[in-house]
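The values are calculated or read from the model by the stated rules, or taken from the named source; none is laboratory data. Model, not experiment: these values are computed from the prediction. Ideal geometry is used to build each Cβ from the backbone, glycine not excepted, and the neighbour counts take in all protein chains shown.
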Amino acid sequence: MACDLWLVPLVDVLCHSPDNPFAEEIAAYDHALTEAGLPPVPVFAYMPGLSGDVAPVAGFDYDALHFLRRAYLLRLCGLAVTPVDELGGDYEQLLEMFESTAQQSHLVWHYDHAGAYVPVDFPAPLSTDELLAGGGPLGSAHGLLRELEYVAPSIGIDPASPPAAPRPAE
């Protein structure tokens, strides 16, 4: 199984179209954001060269995602980030022991198979019944970036000079 990261440019070409495939999702996100006292999902005006096409920008397996989440939780909780060959009971135990901490994380508190990050800055993922039924907690792209920059040194990555992204398969 693989976890894919898609970049969805929210431009008026797509979002202001009567055929907008994201209308229901954006309405649910806007509702959750508004209830939290935050601005709605920004929809940008048309920009030349930006078609509104949806495209995958990265892909990795679920194990890699869980290893990253494990490293983040260990570092956040002041524990040593040690390599492991496989995820086992220690990851599940971490999630149980530090559940309230995990629920405040944009990286950790997110469904593997669904969900979204929006370009709005807020401190912790938003969870409503509507979001949980539709795809999981709503994350902040800004918050996720902060968390990735925080955990990067623990796994040997310089956040100021990260490695180049792999080229997509053709």
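Of the residues making up region 116-135, none is in contact with a Phe, Trp or Tyr (Cβ under 9 Å, 6 or more places away or on another chain) and farther than 19 Å from THR34 by Cβ.
For region 47-61, check the following and say yes or no: at least one residue is modelled with pLDDT of 80 or more and over 16 Å from the mean Cα position of the chain (by Cα). No, because not a single residue in region 47-61 is modelled with pLDDT of 80 or more and over 16 Å from the mean Cα position of the chain (by Cα). When VAL81 is tested against (1) assigned to a helix (DSSP H, G or I); (2) more than 30 Å from GLY37 (Cβ to Cβ), exactly one condition is not met: (1). Of all the listed residues (ALA133, ALA160, ALA80), the sole one being under 19 Å from the mean Cα position of the chain (by Cα) and of a type in the set (Gly, Ala, Ser) is ALA133. Look at (1) farther than 20 Å from ARG70 by Cβ; (2) in contact with a Ser or Thr (Cβ under 6 Å, 6 or more places away or on another chain) and you find that ARG167 fails only one, number (2).
Taken over region 131-152, the criterion of being within 26 Å of THR82 (Cβ to Cβ) and in contact with a strand residue (DSSP E or B) (Cβ under 7 Å, 6 or more places away or on another chain) is satisfied by LEU144 alone.
Has region 152-164 got at least one residue that is in contact with an Asp or Glu (Cβ under 9 Å, 6 or more places away or on another chain) and part of a helix (DSSP H, G or I)? Yes - at least one qualifying residue is present in region 152-164.
The criterion of being modelled with pLDDT under 90 and in a helix (DSSP H, G or I) holds for ALA133. When LEU68, LEU107, LEU74, LEU10 are checked against the criterion of being closer than 22 Å to LEU144 by Cα, modelled with pLDDT under 75 and buried (at least 17 other Cβ atoms within 10 Å of the Cβ), LEU10 stands alone in meeting it.
Kindly evaluate SER127 against the criterion of being crowded, with 16+ Cβ neighbours inside 10 Å, modelled with pLDDT of 90 or more and among the polar types (S, T, N, Q). Taking the combined requirement at face value, the residue does not satisfy it.
Is at least one residue of region 156-170 surrounded by 14 or more Cβ atoms within 10 Å (Cβ to Cβ) and of a type in the set (Gly, Ala, Ser)? Scanning region 156-170 turns up no residue that is surrounded by 14 or more Cβ atoms within 10 Å (Cβ to Cβ) and of a type in the set (Gly, Ala, Ser).
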